[in-house]
1. Return yes when Phe457 is open to solvent by 10 Å² or more (accessible area, probe 1.4 Å) and hydrophobic (A, V, I, L, M, F, W, C) and no when it is not.
2. Inspect all residues belonging to segment 407-418 and state whether any of them is at pLDDT below 80 and over 24 Å from the mean Cα position of the chain (by Cα).
3. Being of a type in the set (Phe, Trp, Tyr) and outside any helix (DSSP H, G or I) is true for just one of Phe435, Phe476, Phe457. Which residue is that?
4. Return the residues of segment 463-473 that are surrounded by fewer than 18 Cβ atoms within 10 Å (Cβ to Cβ) and either without any contact (Cβ under 8 Å) to a residue 40 or more places away in the chain or not in a helix (DSSP H, G or I) (or both); say none if nothing qualifies.
5. Residues in segment 29-36: is at least one open to solvent by 30 Å² or more (accessible area, probe 1.4 Å), closer than 30 Å to Met502 by Cα, modelled with pLDDT of 60 or more and among the acidic types (Asp, Glu)?
6. Looking only at segment 390-398, decide whether some residue is over 30 Å from Ala227 (Cβ atoms), over 22 Å from the mean Cα position of the chain (by Cα) and at pLDDT 85 or above.
7. Kindly indicate whether any position in segment 357-366 is of a type in the set (A, V, I, L, M, F, W, C), more than 23 Å from the chain's Cα centre (by Cα) and either assigned to a helix (DSSP H, G or I) or crowded, with 18+ Cβ neighbours inside 10 Å (or both).
8. Residues that are within 20 Å of the chain's Cα centre (by Cα): which helices (runs of 4 or more DSSP H) entirely in segment 198-278 hold 3 or more of them?
Amino acid sequence: MVDTTQLLLKSNSSDPVVPPQDEEHHSSISSTIEECLGELNWTQFLQAVLVSFSWFFDGQQTFITIFTDEQPSWHCTEQGGDSCNTSNMCSLPKGSWAWDGPTKTSMISEWGLECENSFITGLPASMFFMGCLIGGLVLATLADTSLGRKNMVFFSCLLMSLSSFIATFSINVWMYSVLKFFSGFGRSSIGTSALVLVSELVAKRWRGRVGVLGFFFFSTGFLTVPAMAYANRDSSWRNLYLWTSLPAILYCVLVHLLVPESPRWLLTRGRKEEALKVLKSITSITESNLNLAISGMSLEKEVWNIDFYSALKILMQKKWSSRRLYAFMAMGLGIGLVYYGMPLALGNLSFNLYLSVTFNALSEIPSTLLAYILLDKFNRRSVLFILTILSGMSSILAIMEGKILTRLQIVFELISFFSACTACDIVLIYSTELFPTSVRNSALSLVRQAVALGGVFCPMLVAAGRNNKFICYGVFGLAIGCGGMLGVFLPETKGQEFCDTMDEEESKEKV
């Protein structure tokens, strides 16, 4: 699952109304860019593909710990004899059991962490999502202010890939966890920055069509993880980080050399010459027409862009906005637990791990398409309520034991994950509709961080669920089900126009 709402957000909130243009009116930045970009050409399309490919490596690093941090299977040895009749290896004497494969296939078996508590075994994955959470807050405004879109994609992807590469040389779980934190910190802004850059390299009418490239690359990256893990099943877990990080580092070099900066961002920073150079390289409009369009542009008409931290203060001051924000963050937390936790917990089920991860990755693509269909046909509150309850019930059913129910565990898991993916798309789109333009970016960023917070807790629950499945699947189900019920108390937005200011939204709330 990926952040589809950033696409809608950029389409609705960052395109100001263009005033009539005549001899006494300079054109705005938005109207100038629309005029200069023109129709989609091969140069723009290939640039969009190259930028969107960053999602591919994002998908790999997000789910790689499913295999690198998984506890391998084991068996009793002849030395164990009749005393080896338990499913808990830690209660057996040393030498009475052995791993089915080499100890180097997982960081748990290599470092002897099989009998450590769930906090230790789940720490690396939790630190990755903690890095995503903190990175999302720290890096929230850099793409709009000092670094720009291209540099944000470059540095974020480079930090993620370098941290993953160095992780291959980890000597213990503590060093590994710190490197996973930096990997998550860098990863936090890749998707958003890449999608914003893609949307600003093409005209408005093409944004929706090129924006979906990132979603499919993310799912494709997720799909490659089980394939590589299967090919590496008898080798060191460190190889997975090498196979994913080295191509990502090479990709960063290509981004630095071949990808242009957003011309819109350059113009808002007053860098007209650089913007003109970029436009010359990606459009088919003549140089004279480009010079004429940019010379007649007024920077004073650019839309006011509120700072993330001042927007947070404004959101907390209003009772109606803080109530909505808390509800969305609670839903995001529950959805994040299931979205990130279900793939990580697949090793706890009685099903082939490689196939089950592949099924989960494949389900992301139709879930995105279903979200668009449901949003078009039905109201948000009802769809969100049904999806979260369905996901919660399916998650709880996945812990049921029995001759038939055990075989159905993977079916319930897939239903829960698929529903959570669809609910995640809808809750993010819903949140963009319930907050005014002036604070919409900031509100959406907070909801996304709540989803990431769910990813922080789920690895520890998954580790604890190896001995008691309810701690894993039961908690997941209760969290997403209870969080989804809060959506019933939110206003419906289907078919309604966006508000632009807090006062306008507050007046609408009172009515």
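The values are calculated or read from the model by the stated rules, or taken from the named source; none is laboratory data. Values in this document were obtained by computation on a predicted structure and should not be read as measured data. Methodologically, a virtual Cβ is constructed for each residue, glycine included, from the backbone with ideal geometry; neighbour enumeration extends over all protein chains shown. Please note that ligands, DNA and RNA were not included when accessible areas were found on the heavy atoms of the full protein model with its side chains. Shrake-Rupley method; radii C 1.70, N 1.55, O 1.52, S 1.80 Å.
1. Against the criterion (open to solvent by 10 Å² or more (accessible area, probe 1.4 Å) and hydrophobic (A, V, I, L, M, F, W, C)), Phe457 qualifies.
2. The answer is yes, given that some residue of segment 407-418 is at pLDDT below 80 and over 24 Å from the mean Cα position of the chain (by Cα).
3. None of the others qualify; the one that does is Phe435.
4. Asn467, Asn468
5. There is at least one residue in segment 29-36 that is open to solvent by 30 Å² or more (accessible area, probe 1.4 Å), closer than 30 Å to Met502 by Cα, modelled with pLDDT of 60 or more and among the acidic types (Asp, Glu).
6. So far as segment 390-398 goes, yes, one or more of its residues are over 30 Å from Ala227 (Cβ atoms), over 22 Å from the mean Cα position of the chain (by Cα) and at pLDDT 85 or above.
7. Checked segment 357-366: no residue is of a type in the set (A, V, I, L, M, F, W, C), more than 23 Å from the chain's Cα centre (by Cα) and either assigned to a helix (DSSP H, G or I) or crowded, with 18+ Cβ neighbours inside 10 Å (or both).
8. In segment 198-278, 207-231, 238-258 are the helices (runs of 4 or more DSSP H) which contain 3 or more residues that are within 20 Å of the chain's Cα centre (by Cα).
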